[in-house]
Amino acid sequence: MTGAATGVADLVAGALALDKYPLARLIRLFEDPRPEALEAKAAAIAEFEARGAAPQAMVAGFTGTPGSGKSTLVGELAARMVASDPSASVAVLAIDPSSHRSGGSILGDRTRVHFPVGERRLFFRSQPSEQELGGMGRATYPVIRVLERLFSYVFIETVGIGQSEVEVERVADRVYLVLQPMGGDQVQFMKAGIMEVPHAFILNKCDVGAAARRSYHALRVSIDFARPGEAEPPPIFRVSALSGEGVDEVLDDLRAHRAVHDAAARGERDRYFLERWVRDEYGRFGLALLAEQGGAAGLLARAGGFEAAQAAYRAPVAPPG
């Protein structure tokens with residue numbers, strides 16, 4: 001075993017023990033966009049497989065309006081989950097917006113989430129969106145592929161609501177839309193298409209009394225209008241992340257709908273994000289070359305996995321003149 005392979009194996013072993021330092025280093029590897037990192041990523045996934053660490057996590061997505069209290073709520077849900085279930089472990093992946101001017105990000109969600117010091121079953125990571133549409137950054141999916149092998153739940157907190165803030169449904173087993181009372185015109189949400197995405201709605205900050213009741217009824221009418229004919233309307237949870245009101249009901253919903261992507265669903269997810277990676281990195285010419293290599297499905301089948309397919313992809317040197 002080479003030195004580099006030994007190093008990756010040590011990181012995987014430490015991550016499986018939920019040691020924070022090797023886990024953080026492993027995630028940093030999967031956030032590395034450089035082509036030379038692809039081989040090490042593929043080796044890490046192969047090491048997970050060799051150790052029997054298959055994907056086990058339910059991935060839950062939390063999207064919503066800025067200021068709706070997503071970060072506080074997600075942190076409270078994670079802390080209560082592990083406190084109430086000794087077998088549970090939760091990783092939180094929070095995506096912060098990047099500046100369109102400087103390209104930088106203030107990874108501020110961490111300041112709103114407070115986990116007990118030394119609790120291995122809780123892990124938090126902030127990521128910049130890198131101005132990506134869809135609410136997630138380019139490194140979000142690769143990191144999820146690591147976290148879902150280590151934790152029983154992975155919570156994704158997306159950037160916020162927008163007309164393209166729907167990509168979380170590509171990766172999450174259950175999606176929650178977090179809103180706040182009197183937080184805006186529900187018609188705008190219907191225009192954005194976001195009302196059609198969530199499996200459940202969370203009306204946060206419901207300790208404001210009459211305003212929360214009015215918003216609840218307005219939201220219910222909006223859902224019925226945007227999603228007519230559904231046999232079972234999606235639930236609306238009235239919650240206060242600060243007081244704790246309603247938080248346990250959301251936890252019960254998470255447990256009741258706990259599901260893990262099966263092999264077919266994971267394959268479809270890999271295909272989608274491999275195509276997205278090629279498009280982001282190499283544009284239309286790259287997608288044309290991917291088609292010549294049998295498309296995403298063919299390349300994944302030959303390579304044996306997502307990271308191996310990235311490493312095996314023959315990237316274009318330059319677009320045709």
query = How do 83-92, 291-300, 168-177 rank on mean C-beta neighbours within 10 Å, highest first?
reply = 168-177, 83-92, 291-300
In Hz, Karplus ³J(HN,Hα) per residue of the stretch 62-74 (6.51, -1.76, 1.60; θ = phi - 60°; x = Gly, Pro) = 10, 10, x, 5, x, x, 7, x, 4, 5, 4, 5, 4
query = Lys20: which aspartates and glutamates have alpha carbons under 15 Å from its alpha carbon, excluding same-chain residues fewer than 8 sequence positions away?
reply = Asp10, Glu119
key: Top positive-direction residue, dipole computed over the stretch 19-76 with Cβ charges, set Ala44, Leu29, Gly64   = Gly64
query = Of all trypsin sites (Lys or Arg not before Pro) in the stretch 257-321, which ones are in loop regions per DSSP and have a Cβ with at most 13 other Cβ atoms within 10 Å?
reply = Arg314
note = For the Leu242, Asp10 Cβ pair and Förster radius 51 Å, calculated FRET efficiency rounded to 0.05 is 0.80
request  = Convert each backbone phi in the stretch 49-56 into a coupling constant with the Karplus relation 6.51 cos²θ - 1.76 cosθ + 1.60 (shift: θ = phi - 60°), then list the ³J(HN,Hα) values in order as whole Hz, x for Gly and Pro.
outcome  = 4, 4, 8, x, 8, 7, x, 10
key: Förster radius 35 Å - calculated FRET efficiency between Asp85 and Arg25 (Cβ-Cβ, nearest 0.05)   = 0.80
note = Taking Lys and Arg as +1 and Asp and Glu as -1, residues besides Gly52 with C-beta under 15 Å from its C-beta add up to -1
note = Whole-Hz Karplus couplings 3J(HN,Hα) for the stretch 236-247, θ = phi - 60° and coefficients 6.51, -1.76, 1.60, Gly and Pro as x, run 10, 9, 8, 9, 10, 5, 6, 8, x, 4, x, 5
query = For Ala17 and Gln293, what does the FRET efficiency come to when R0 = 41 Å and r is the distance between their Cβ atoms, rounded to the nearest 0.05?
reply = 0.60
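None of the figures in this text is laboratory data; all of them are computed from the coordinates on show. Every value quoted in this text rests on a predicted model; they were computed, and no experiment measured them. Reconstructed Cβ throughout: ideal geometry from the backbone, glycine too, with neighbour counts over all protein chains shown.
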